[in-house]
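Participant: Have a look at this one.
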Amino acid sequence: MEIVFNQMTDHLPDHDYEKDYQTIMEKAGRLLGLADTLVCSVIFADPEQIHEINREYRKIDRPTDVISFAMQDDKDNIFIEEEENELGDIFINTTAIENQAAEYGHSVRRESCFLFCHGLLHLLGYDHMTPEDEKVMFSLQKDILHEVADQ
């Protein structure tokens, strides 16, 4: 499993996010029985950039903390052919990491890892639009993040 990192901002998370995100992706892969050749991209953005993305693609005129763009929306179809291993892109608002960590009373590392895990599960076809879907997705998040970024 591979993560390609890009940045639209110089304001990056203040922890070893590459290692933490890789651990999260590999743990998700084990828990969900995913192929180990999957790839995703993480793009770090500032509030203004993610606001523009949210407005343009989701028609929501405000910044958000994380946005995922899945290459394959059906989790039953993630692997049709060997070449189709790109899951999609996760845009993370680096300012939201710090603000939400302070708001929720936990570490920047934990919030950063949570946002990556949340975005990754969206790439894998999980959502939280109904109470049942939310229960499944949030339970997976908890299992994946356990012992990775609990602080």
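All of the numbers you see were taken from the coordinates with simple rules; none came from a lab. Since the model is a prediction, treat every value here as computed from it, not as a measurement. Here Cβ is always computed from backbone atoms with ideal geometry, including for glycine, and neighbour counts include all displayed protein chains.
Participant: For a Förster distance of 25 Å, can you work out the FRET efficiency between the beta-carbons of HIS146 and ASN6, rounded to the nearest 0.05?
Facilitator: The pair HIS146/ASN6 has a calculated efficiency of 0.35.
Participant: Then there's this: Positive end of the dipole of the chain, charges at C-beta (+1 Lys, Arg; -1 Asp, Glu), about the Cα centre: which of PRO13, HIS106, PHE91 has its Cα farthest in that direction?
Facilitator: The Cα lying farthest towards the positive end belongs to HIS106.
Participant: While we're on this one: Scan around GLY88 for amide H atoms under 5 Å from its own, H built in the peptide plane at 1.01 Å from N, and keep only partners 5 or more places away or cross-chain.
Facilitator: Correct list: SER41, MET71.
Participant: So, one more: With θ set to phi - 60°, apply the Karplus curve 6.51 cos²θ - 1.76 cosθ + 1.60 along segment 125-141 and write out the HN-Hα couplings as whole Hz, x wherever there is a Gly or Pro.
Facilitator: Along segment 125-141, the couplings run x, 8, 8, 9, 7, 10, x, 5, 5, 4, 4, 5, 5, 5, 5, 4, 4 Hz.
Participant: How high is the relative contact order of the chain, in percent, with contacts defined as C-alpha pairs under 8 Å that are six or more residues apart?
Facilitator: With pairs under 8 Å counted, the relative contact order is 27 percent.
Participant: From the backbone phi of segment 86-100, what are the Karplus-calculated ³J(HN,Hα) couplings (6.51 cos²θ - 1.76 cosθ + 1.60, θ = phi - 60°) in whole Hz, Gly and Pro given as x?
Facilitator: Working through the residues one at a time gives 7, 6, x, 10, 10, 9, 10, 7, 5, 5, 4, 4, 5, 5, 6 Hz.
Participant: In whole Hz and in residue order, list the ³J(HN,Hα) couplings for segment 21-37 that follow from phi through the Karplus curve 6.51 cos²θ - 1.76 cosθ + 1.60, θ = phi - 60°; x for Gly and Pro.
Facilitator: 5, 4, 4, 5, 5, 5, 5, 4, x, 5, 5, 9, x, 8, 5, 7, 9
Participant: If you place +1 on the Cβ of every Lys and Arg and -1 on the Cβ of every Asp and Glu, how big does the dipole about the Cα centre of the chain come out, in debye to the nearest 20?
Facilitator: 460 debye
Participant: Also, quick follow-up: Sort the following peptides by mean Cβ neighbour count (other Cβ atoms within 10 Å, averaged over residues), highest first: 51-64, 119-132.
Facilitator: 119-132, 51-64
Participant: For the pair PHE138 and GLU52, what calculated FRET efficiency results from E = 1/(1 + (r/R0)^6), where r is the Cβ-Cβ distance and R0 = 25 Å, to the nearest 0.05?
Facilitator: Efficiency computed from Cβ-Cβ geometry: 0.30.
Participant: Okay, next question. So I have (i) -0.45, -0.85, -1.06, -1.23; (ii) -0.32, -0.65, -0.87, -1.12; (iii) -0.56, -0.84, -0.98, -1.11, and one of them is log10 I(q)/I(0) by the Debye sum over Cα atoms at q = 0.10, 0.14, 0.16, 0.18 Å⁻¹ calculated from this model. Which one is it?
Facilitator: Identified label for the calculated read-out: (ii).
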